[in-house]
Amino acid sequence: MSVLVTGGAGYIGSHTCVELLEAGYDIIVIDHFQQSNIQSLNHVKQLTNKEFKIYHIDLINKDHLETVFLENSIDAVIHFASLKSVGESVHFPLKYYQNNIVGTLNLIALMQQYHVKKLVFSSSATVYGNTQEVPIKENAVLQTINPYGRTKLIIEEMLRDIYTSDNSWSITILRYFNPIGAHESGLIGEHTDGIPNNLMPYITQVAIGKRKELRIFGSDYPTKDGTGIRDYLHVMDLANGHVKSLNKMKDSKGLFTYNLGTGKGYSVLEIIQVFEKATGVNIPYRIVERRHGDSAVCYADPSKALKDLEWAAKRDIFDMCVDAWRWEKNLNASKV
Ligand code: UDP
């Protein structure tokens, strides 16, 4: 089975490429390499000892995208390609609507035209907004609080409409919780431009000495230690969720939505403790104001994915910290 992976050079995309190749799928990768680089795909080839075609294409350009459909026989698509910075999306909403929505429209129109009707879409727990009820189930109320989140929700709604109009499609929407960590080899991981927004890349940059201290955004949340709680999952477990989704879609039609998370929540202070234990490196921190838009607690009920896909996260928070740290050290030594 041949799978087109959009955004395959990115953080989750590159790890998923490894899992797909190791599971015996053939892949074709598209990326515009604005927030990723070709090196990660070279490492995917090195890790798996497999070759695949890479197209340097922006989904916004439908003519370029069509060449991929003309030149390849594609059975399914995994669609990661997306701009992903919440903060940037608030300042440049049009850029986000243009890139994420128009790019996806082009992709889906071509899939329809070329009769490729299996799609796994990379969504996010951001579509639940600041929900109060945890663990979060897939049927929770959907609400978004920033343009990035709205692009994910709009695409989800588009996909539901497409399936309603033509039920020969097979569509899986995966809502990711907080992916962290890196491939165990330390060869691929997350490339962060500038100051990291997310917790784990910030911690590893403090650990390596690139940043002085971690700023903890609020210690007055109604949680056990006052800091925010999230559902962190290892990026390789998340990658495996895509393979499990494709396996199921081989001979089934329908539109399915799954949470991919561990179902366990860790506070910021707990993450620091585990990281220090796993790496032996001290993380200095300072408590500052809450970050606008953050919720107190967010973790998944992943039982639907277990039941339908036979997927569950295997790696624990200790593994996640060890792998994130190995990656940061390699990145700093320019080994990757
Ligand atoms: N966080 C923090 N300092 C940082 C980055 C994040 O205290 O420099 C906190 C944040 O408030 C949240 C948790 O860490 O409680 C996870 O934040 P992240 O941005 O990684 O994920 P998200 O909030 O998008 O789920």
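Tell me, what ³J(HN,Hα) does each residue in segment 42-55 have, in order and in whole Hz, if you take phi through Karplus 6.51 cos²θ - 1.76 cosθ + 1.60 with θ = phi - 60° and put x for Gly and Pro?
4, 6, 4, 5, 4, 5, 9, 6, 10, 9, 7, 7, 10, 10
Report, ordered by chain and residue number, the aspartates and glutamates lying within cross-link reach of K137, taken as a straight Cα distance under 20 Å and ignoring same-chain residues fewer than 8 apart.
Filter leaves E156, E157, D231, D237, D294, D301, D308, E310.
For A23 and Y114, calculate 0.36 nm times their separation in residues minus their Cα-Cα distance, and state this gained length in nm to one decimal.
Here the answer is 30.2 nm.
Would you list which lysines come within 17 Å of K117, measuring only between C-alpha atoms, while excluding same-chain residues fewer than 8 positions from it?
K248, K250, K253
Mind checking the angle between helix 317-332 and the chain's longest principal axis? C-alpha axes, 0 to 90 degrees, to the nearest 10.
Roughly 80 degrees, rounded to the nearest 10.
Counting only residues 5 or more places away or on other chains, whose amide H sits under 5 Å from the amide H of S170 once H atoms are built in the peptide plane?
HN-HN under 5 Å from S170: K118, L119, G254.
Per DSSP H run of at least 4 residues, take -39500 (n - 2.57); add these up for the chain, divide by its residues and hand me the 222 nm value, nearest 500 deg cm²/dmol.
After summing the helix terms and dividing by residue count, I get -12000 deg cm²/dmol.
Full extension from T164 to I287: what is 0.36 nm times the residue separation minus their Cα-Cα distance, to one decimal in nm?
Working it through step by step, the gained length comes to 39.5 nm.
Could you pull out every one of the lysines with an alpha carbon less than 25 Å from that of K95, ignoring same-chain neighbours closer than 8 positions?
Result set, ordered by chain and number: K62, K84, K152.
Taking H placed 1.01 Å from N in the peptide plane, check which residues at least 5 places from S124 or on another chain put their amide H under 5 Å from its amide H.
When sequence neighbours closer than 5 places are left aside, the close amide H contacts are Y176.
Evaluate the charge dipole of the chain about its Cα centre and quote only its size in Debye, nearest 20, assuming +1 on the Cβ of each Lys and Arg and -1 on the Cβ of each Asp and Glu.
380 debye
Could you pull out every residue, at least 5 positions away or on a different chain, whose amide H is within less than 5 Å of the one on I78? Hs are placed 1.01 Å off N in the peptide plane, and Pro or chain starts have none.
Distant-sequence amide H within range of I78: L4, V5, T6, V120.
Please give the contour-minus-distance gain from Q34 to S2: 0.36 nm per residue of separation, less the Cα-Cα distance, rounded to one decimal in nm.
Separation in residues times 0.36 nm, less the Cα-Cα distance, equals 9.0 nm.
Where does the Debye-calculated log10 I(q)/I(0) of segment 5-73 sit at q = 0.13, 0.15, 0.24 Å⁻¹, using only Cα point scatterers of equal weight, no solvent?
So the normalised log intensities are -0.33, -0.44, -1.05.
Please find the FRET efficiency linking E213 to N130, where r is the Cβ-Cβ separation and R0 is fixed at 30 Å, and quote it to the nearest 0.05.
It comes to 0.65.
How long is the chain along each principal axis, judged by its Cα atoms, biggest number first, in Å?
Taking max minus min along each principal axis of the Cα atoms, the chain gives 54, 44, 39 Å.
Given a Förster radius of 25 Å and the C-beta distance between L94 and S295 as r, what FRET efficiency does 1/(1 + (r/R0)^6) yield to the nearest 0.05?
Calculated value: 0.40.
Can you work out ³J(HN,Hα) from phi for every residue in segment 139-156, in order, using Karplus 6.51 cos²θ - 1.76 cosθ + 1.60 and θ = phi - 60°, giving whole Hz and x for Gly and Pro?
8, 5, 4, 9, 7, 10, 10, 7, x, 4, x, 5, 5, 5, 5, 4, 5, 4
Please list 3J(HN,Hα) in residue order for segment 80-91, calculated via the Karplus relation 6.51 cos²θ - 1.76 cosθ + 1.60 where θ = phi - 60°; whole Hz, with x for glycine and proline.
Those phi angles translate into 9, 3, 5, 6, 9, 8, 4, x, 4, 5, 5, 7 Hz.
Quick note: the coordinates plus some simple rules give every number you see, no bench work behind them. If you're wondering where the values come from, they're calculated on a predicted model, not measured in any experiment. Note that each Cβ is placed from the backbone with ideal geometry, even for glycine, and that neighbours are counted across all protein chains shown.
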